[in-house]
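Below: one structure, written as structure tokens.
The values are calculated or read from the model by the stated rules, or taken from the named source; none is laboratory data. Because the structure is a prediction, the values reported are computed rather than measured. Counting neighbours? That spans all protein chains shown, and the Cβs are built from the backbone with ideal geometry, glycine included. Each accessible area value is taken on the protein alone, full model and side chains, heavy atoms only, with ligands, DNA and RNA left out. Shrake-Rupley method; radii C 1.70, N 1.55, O 1.52, S 1.80 Å.
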Amino acid sequence: MVDDTRRTTNDLQDDITPLALPLAERSVAHVARQLRTASDAEWTPLLCGSLAVNCATLAERPDAARDKAGLPRNELVALAAECLRRASQASLHLPEMHDGTVRPNGYAVGYPALAARMLGDALPGDVLRETNRRLIEAADWFLNWRPLSGLYYDTKAEETAWEVVIPVMAQVVAPDHPRRRAWYEKAREMVLNAYSRECDAHDRATRFDGIPLADLVHTANVFPDFTVQNHDGFNPCYQMCNNQYAAPWYAAKRFLGGVPEWFAWNWAGLHEVSKRLLLRDGRTLWPSANDYWPQTHIGFANYHALMAEALGCGVALWALRKSLRLALDEQTRNGDGSLQSRRCPALPLAWQAHFTTSACIALWFAPYARAPRLTDEEAFAQTQGTLLSKDSDFIVQNRGPLAAAFSWTPVYGRGQAFGMVQPADDSAWTEAWCSIPNLVGSVRLAPEDRREIRPCSPDGYISHYRVRTCDPGELVGRRMDRLQGAHGEAVWSLGRLLDDQGDVLHVVGLIASPAGVVHLERFIRYGQKNKVLAAETLNYHLVNAPEDREGFLVEWTGGRARVPAGDWRLPEPGDVLVFDEKLALLRLAGNTALRAAQARPERPRNGIGPKRPWRLRVWGERPGPAPAPGYALLAEQVTLFLPARSVAQARERAGNVRVELSPLGVICLRLALPDWRAEYRLECGARLSFTAS
């Protein structure tokens, strides 16, 4: 356990700099080595803007404080100059990656301008002049641009936040320009219309620069409960994408004499959501699935740095230390200065440079004088608890040794569901990959009825979409309805999925308390338009990555083994499995038997992350022959997750749990655990209801 005791402001430099500085130094040196043989195509605007800022940040550090593995100052300045030259050769107007529109980009224009200002006369004059000229042209372009609005499924918050650095930096490089006031007003409009709520557009009481907020806001990108949806569901990556304001915040603070009060509008509410998602190792829980991977963006160190700076948040400062330490440890194990070369061998250099900028941002804001220094226990007291979002349809239980979540707005899974249970101190337990079902079972089609997976675009690209990338032998359900709520310290969610042709009704739910988690599932076949073979319950996935562990220690009723990455199968584990002496999975009731196996996907996952991770999967299936055609209960299972070190301990703790099942889908649960005493009655058939007492 890391000793995170309180420290004074004067000592804080020893908390952040010894972590962030070597991380950035070694990563920049790694990118520089790779660029010696890189093609021109690899010098993307994201690479040039990010790397230029990274080099400028490190070049300002005294050589005596620098890491031995880093580049000397003259090489950093030369590399930054090359980045700025190449950035100036690219088109000023770049396609926006989501909607295809063309506009100037913050990484291609704003970041180079920030780097140029930081390096100043160390750069060749022509490079400095051209960088600033492009910046002014881009800032003028935005004067006629109206920030975008998007609430459901696809917020436009981050697409505006990316570009705020441009009008802010224009004020820095041209303080006497006649359009300086116009750039200021455009920056204000962009900030207030990025992470905006619908109520902001009607708020006449709040004023900035003497103007009512209602006259400044014309978008709605954030829900009333401060949750954000992107890529089709609630997405923590975009919940925290106001990290894109770090560069303009820093520029305003350092070069413009201070940050305007409107800059942090709505951040406190957004941050309260993000805090509830922090696990004990400082990384983020992904309650609605993940289209990156748990270690992405080196734990969002840029976000934590900005929240510690802007909000004076001690939890953010605590998470920043944790994230940087984990990233530095992984970099050290990699041995080549890269951030994630073993985990993501195909990670583009642009993303390596982009992630490195998070470490540089951590350096910008030290010593974080406003943020209190929290111990682990003090941080846990503020992060642990429950989160129930009625706007984004998900629940989170993050109090106790296990963290759990269930969502009806999963990332890239519109109309479906996703759940997870993991130890609260192990963010690498599962990658929560969005294109596979987790804590959501599968309806299996007969081989002759399997369908084709079609690409989403003419070039053959298959998106993350669950409906696109699911197994050809799976019948995909669509959401019908759902219920969710809280009872005491527990949160719960219950809902139904029905396929397009109405063949199989799939009821799935989760009850999560600090003491344990109950998962329940029923598959009822009503129609027979599809040739349904069977149903598999649970689909509990763990990721067995050599970068994180030597393997999972698995104990079952008949044995115990260390399971490293590789093919593995346990056809009859019994009703109890225990993983790493931390988490027990117990099948309490139903017509299924547990199965366990480990494999890696045949088709690499798309995106920039790990391509073919080894996943250890536990599921339930009905033994014996398939039911005859027609109406049938295909599968039914009630599962309990508990913290436990052994099968014997798990059985002992679950000894006072009672389950009653009825043919029409009424499930009665009576729990008499030491820390969880409750009774639940659930209707899980043609009717849906939840009663707690």
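The table for this structure:
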{"read-out": "Yes/no for residue 682 being modelled with pLDDT of 95 or more and under 23 Å from residue 472 (Cα atoms)", "value": "no"}
{"read-out": "Flag if residue 318 is over 23 Å from residue 398 (Cα atoms) and assigned to a helix (DSSP H, G or I)", "value": "no"}
{"read-out": "Number of positions in region 611-647 that are among the hydrophobic types (A, V, I, L, M, F, W, C), farther than 30 Å from residue 549 by Cα and either part of a strand (DSSP E or B) or modelled with pLDDT of 95 or more (or both)", "value": "4"}
{"read-out": "Number of the exception - residue 690 against (1) open to solvent by less than 80 Å² (accessible area, probe 1.4 Å); (2) farther than 30 Å from residue 479 by Cβ; (3) not hydroxyl-bearing (Ser, Thr, Tyr)", "value": "(2)"}
{"read-out": "Residues that are open to solvent by 10 Å² or more (accessible area, probe 1.4 Å) and among the polar types (S, T, N, Q), drawn from region 628-687", "value": "646, 649, 656, 662"}
{"read-out": "Residue satisfying condition, being surrounded by fewer than 24 Cβ atoms within 10 Å (Cβ to Cβ), in contact with a strand residue (DSSP E or B) (Cβ under 9 Å, 6 or more places away or on another chain) and either at pLDDT 95 or above or not polar (S, T, N, Q) (or both), within set 376, 391", "value": "391"}
{"read-out": "Residue 118 being more than 26 Å from residue 239 (Cα to Cα) and out of contact with any strand residue (DSSP E or B) (no Cβ under 7 Å at 6 or more places or on another chain)", "value": "yes"}
{"read-out": "Selection from region 197-237 of residues that are touching a strand residue (DSSP E or B) at 6+ places or on another chain (Cβ under 6 Å) and either open to solvent by less than 10 Å² (accessible area, probe 1.4 Å) or free of Cβ contacts under 8 Å to residues at least 24 places away in the same chain (or both)", "value": "204, 222, 227, 228, 234, 236"}
{"read-out": "Pairs where the first residue, in region 246-273, is more than 18 Å from residue 53 (Cβ to Cβ) and the second is open to solvent by 30 Å² or more (accessible area, probe 1.4 Å), C-beta under 6 Å, 6+ apart", "value": "259/253; 269/226; 270/226; 273/226"}
{"read-out": "Selection from region 547-582 of residues that are closer than 26 Å to residue 652 by Cβ, in a strand (DSSP E or B) and in contact (Cβ under 8 Å) with a residue 12 or more places away in the chain", "value": "552, 553, 554, 555, 556, 562, 563, 570, 576, 577, 578, 579"}
{"read-out": "Which numbered condition residue 176 fails, given (1) free of Cβ contacts under 8 Å to residues at least 60 places away in the same chain; (2) open to solvent by 40 Å² or more (accessible area, probe 1.4 Å); (3) in a helix (DSSP H, G or I)", "value": "(3)"}
{"read-out": "Subset of region 353-371 that is open to solvent by 10 Å² or more (accessible area, probe 1.4 Å) and of a type outside the set (A, V, I, L, M, F, W, C) - its residue that is farthest from residue 253 (Cα to Cα)", "value": "354"}
{"read-out": "Selection from region 262-309 of residues that are of a type in the set (Gly, Ala, Ser) and open to solvent by 10 Å² or more (accessible area, probe 1.4 Å)", "value": "264, 268, 269"}
{"read-out": "Boolean, residue 153 is surrounded by fewer than 24 Cβ atoms within 10 Å (Cβ to Cβ) and closer than 30 Å to residue 416 by Cβ", "value": "yes"}
